[in-house]
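Undergrad: Following this message is one structure expressed as structure tokens.
The values are calculated or read from the model by the stated rules, or taken from the named source; none is laboratory data. Just so we're clear, the structure is a prediction, and the values are computed from it rather than from any experiment. When we count neighbours, we look across all protein chains shown, and the Cβ atoms used for this are built from the backbone with ideal geometry, even at glycine. Calculation scope for accessible area: heavy atoms of the full protein, side chains included, ligands and nucleic acids excluded. Shrake-Rupley method; radii C 1.70, N 1.55, O 1.52, S 1.80 Å.
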Amino acid sequence: MVGMGASAEGILEGLDDAQRAAAVALDGAVRIVAGAGAGKTRTVTRRIAYACASGEWDPTGVLAVTFSVKAAAEMRSRLATLGVDGVRAATFHSAALRQLRRVWDDVCDAPFPHVVDDGDTGRLVAVALRRTVGGDEPDRIAVRDVLAEINWAKVSLIAPGDYVRACAATGRRPPAGLDPDRFADVYEGYEREKTAHGLIDFDDILLVCCHVMEGFDEAAARIRSSIRWLTVDEYQDVSPLQHRLMTLWLDGGRDVCVVGDPAQTIYSFAGASSYDLLSFAGQFGPLRADIALNTDYRSTPQVVDYANRVLSRSPERADYLKLTSAREPGARVAHTVYATDRDEARGVAGRIARMVAGGVDPADCAVLTRVNAQQPMLRAALHEAGLRSRVRRDAGWSGGTAATLATVGLPVDGASAGMTNGAGDAVSAARGEVTISTIHASKGLEFPHVFLVGCSEGLIPYGSPPDGDALEEERRLLYVGITRAEDTLHLSYARSREGLDMGRGRTPSRFL
């Protein structure tokens, strides 16, 4: 329902022309391509609130899905502030899990399966590896990489029996030294282990929901009856599995709004693709509205211009928005070259310490890295400079199993419940703590002062890939890191590790 104080026209106040055009396009298929800092969440929540306040939509028939628990909570909070109650805002997984629990007794006599957490899935993979490959207990890295490949296959709708053909068609190489046939056996063994114990994993939630909707008409109709208007956030990150579930929810309907940015597609390794965003008109057209939001309200012109330059050299630049800053000019983008990684860590910590001495809150500062391994040295340097820090690590691009289970009232063990991760950590940075984060884990965040470290070949782009999809994803990743900065941006790299480069030296990233 809509609060008594809500006014439809009042909800639109403060929107720019493009945001307003998106907010009033209520029926049919709508695509919103929203650049970094362009007010995407503001636009989407105002659109939903306006539709409900004007009486065009019933809030109980609205579903908005996004990719993190934090983003869903932010959407619900903003809608509540706008006087809207009853709209469901959730991740794909929590929405599907609720739907399954609602119809389960109608489609299956067995108890609802237990959803395993990340630690248990690793143990199941280890069992499958031992039984398939033999030998001693597999090492942690092998288990991690095999599980990631299984997850990729599932969200890409590749069953164990199809895996070998998929590798042959794409040239994909399995991890952990396995050939495609042996990996397919491990994958099949993992599925058998889950089934034998009455378990499903994180991706099975979506797969089972698709199966129910495809095989049980009454249950599918019951699920669809609660989804009259659908909004999908971060649409550039949908996997084939999520896209399949979305089309099953719609069942040929066209009342769907998708929001995304091709330039922020940074999860291809996990099955995400901007294909569906770019081809949305062909799949769901004719479109009711096709809106581009390219005014960046977050970053200074200096930061925005730098981000635009990074994308301007891309062979795919025609797919990317060129941003325009709405802010007054600020400080120039700074570049520093250090002798070693330790010098870089200490140099960045020293700069932040001087800023703090001048009155800057440490929580307004973030140090962004390409990989987790860069972070301990940075944290030590900040500690030496008398600064506290918090670390955000990559722990799953869609919010993490434990975070999703918690949102739907299912129990998680103490270790899982206490996890924080790159996408689902709903705890804001405490005052007085510098944030250290991978670029992946920083997506969706913003900081007044950003330090991007390790901007050299081998780190950004990671592994110095040749021209192609991998290199393009690394370019987009740097773009995401740059656009986290509001006021100041400092990029740096070190010529060598502590005496370990044997005179070869590093070169600056080709993207700079």
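Undergrad: Do we have any residue at all in the range 24-35 that's modelled with pLDDT of 95 or more, surrounded by 22 or more Cβ atoms within 10 Å (Cβ to Cβ), of a type outside the set (Gly, Ala, Ser) and within 16 Å of Asp296 (Cα to Cα)?
TA: So far as the range 24-35 goes, yes, one or more of its residues are modelled with pLDDT of 95 or more, surrounded by 22 or more Cβ atoms within 10 Å (Cβ to Cβ), of a type outside the set (Gly, Ala, Ser) and within 16 Å of Asp296 (Cα to Cα).
Undergrad: Return a yes/no flag: does the range 186-202 have any residue that is within 22 Å of the chain's Cα centre (by Cα) and part of a helix (DSSP H, G or I).
TA: yes
Undergrad: Just wondering, is there one or more residues in the range 158-168 that are at negative phi, surrounded by 14 or more Cβ atoms within 10 Å (Cβ to Cβ), modelled with pLDDT under 95 and touching a helix residue (DSSP H, G or I) at 6+ places or on another chain (Cβ under 7 Å)?
TA: No; the residues of the range 158-168 include none that is at negative phi, surrounded by 14 or more Cβ atoms within 10 Å (Cβ to Cβ), modelled with pLDDT under 95 and touching a helix residue (DSSP H, G or I) at 6+ places or on another chain (Cβ under 7 Å).
Undergrad: Free of Cβ contacts under 8 Å to residues at least 12 places away in the same chain and open to solvent by 20 Å² or more (accessible area, probe 1.4 Å), is that true of Asp181? Before the answer, list the steps.
TA: Values: free of Cβ contacts under 8 Å to residues at least 12 places away in the same chain: no; open to solvent by 20 Å² or more (accessible area, probe 1.4 Å): yes.
Criteria not met by Asp181.
Undergrad: Return yes when Glu191 is closer than 30 Å to Thr66 by Cα and without any contact (Cβ under 8 Å) to a residue 40 or more places away in the chain and no when it is not. Steps first, answer last, please.
TA: Values: closer than 30 Å to Thr66 by Cα: yes; without any contact (Cβ under 8 Å) to a residue 40 or more places away in the chain: yes.
Judged against the criteria, Glu191 is a match.
Undergrad: Is there any pair linking a residue in the range 371-387 that is in the same structural domain as Val348 (by the TED database) to one that is open to solvent by 50 Å² or more (accessible area, probe 1.4 Å) and part of a loop (DSSP other than H, G, I, E, B), with Cβ under 6 Å and at least six apart or on different chains, and which?
TA: Matching pairs, first to second residue: Asn372/Arg393.
Undergrad: Of the residues Asp162, Asp145, Asp105, Asp120, which is assigned to a helix (DSSP H, G or I) and touching a strand residue (DSSP E or B) at 6+ places or on another chain (Cβ under 8 Å)?
TA: Details: Asp162 fails: touching a strand residue (DSSP E or B) at 6+ places or on another chain (Cβ under 8 Å); Asp145 fails: touching a strand residue (DSSP E or B) at 6+ places or on another chain (Cβ under 8 Å); Asp105 fails: touching a strand residue (DSSP E or B) at 6+ places or on another chain (Cβ under 8 Å).
Result: Asp120 is the single residue among Asp162, Asp145, Asp105, Asp120 that is assigned to a helix (DSSP H, G or I) and touching a strand residue (DSSP E or B) at 6+ places or on another chain (Cβ under 8 Å).
Undergrad: Does Ser94 satisfy being farther than 28 Å from Ala8 by Cα, out of contact with any Asp or Glu (no Cβ under 8 Å at 6 or more places or on another chain), open to solvent by less than 70 Å² (accessible area, probe 1.4 Å) and not β-branched (Val, Ile, Thr)? Don't jump to the end; show me each part of the working.
TA: Values: farther than 28 Å from Ala8 by Cα: yes; out of contact with any Asp or Glu (no Cβ under 8 Å at 6 or more places or on another chain): yes; open to solvent by less than 70 Å² (accessible area, probe 1.4 Å): yes; not β-branched (Val, Ile, Thr): yes.
Yes: the conditions hold for Ser94.
Undergrad: Here is a check on your reading of the model: is Thr60 within 20 Å of Leu445 (Cα to Cα) and either at pLDDT 95 or above or among the polar types (S, T, N, Q) (or both)? Show your work before the answer.
TA: On the way: within 20 Å of Leu445 (Cα to Cα): no; either at pLDDT 95 or above or among the polar types (S, T, N, Q) (or both): yes.
For Thr60, the condition - within 20 Å of Leu445 (Cα to Cα) and either at pLDDT 95 or above or among the polar types (S, T, N, Q) (or both) - is not met.
Undergrad: Hey, among the residues in the range 247-280 that are free of Cβ contacts under 8 Å to residues at least 40 places away in the same chain and at negative phi, which one's most open to solvent (accessible area, probe 1.4 Å)?
TA: For the range 247-280, the residue satisfying everything is Tyr275.
Undergrad: Let me ask something else. What pairs can you find where one residue is in the range 211-228 and touching a residue at least 12 places away in the same chain (Cβ under 8 Å) and assigned by the TED database to the domain that holds Trp57, the other is of a type in the set (Phe, Trp, Tyr) and buried (at least 16 other Cβ atoms within 10 Å of the Cβ), and their Cβ atoms are less than 8 Å apart, with a gap of 6+ or different chains?
TA: As it stands, the answer is Met213/Trp249; Ile223/Trp249; Arg224/Trp249; Ile227/Trp249; Arg228/Trp57, since those pairs meet every condition given.
Undergrad: So which of Ala153, Ala196 is in contact with a helix residue (DSSP H, G or I) (Cβ under 8 Å, 6 or more places away or on another chain) and outside the structural domain of His243 (by the TED database)? Let's see the steps before the verdict.
TA: Numbers: Ala196 fails: in contact with a helix residue (DSSP H, G or I) (Cβ under 8 Å, 6 or more places away or on another chain).
Answer to the selection: Ala153.
Undergrad: Okay, next question. With the requirement that a residue be of a type in the set (Gly, Ala, Ser) and in contact with a Ser or Thr (Cβ under 7 Å, 6 or more places away or on another chain), what does the range 62-78 give you?
TA: Filtering the range 62-78 for residues of a type in the set (Gly, Ala, Ser) gives 64, 68, 71-73, 77.
Of everything in the range 62-78, those that are of a type in the set (Gly, Ala, Ser) and in contact with a Ser or Thr (Cβ under 7 Å, 6 or more places away or on another chain) turn out to be Ala64, Ser68, Ala72.
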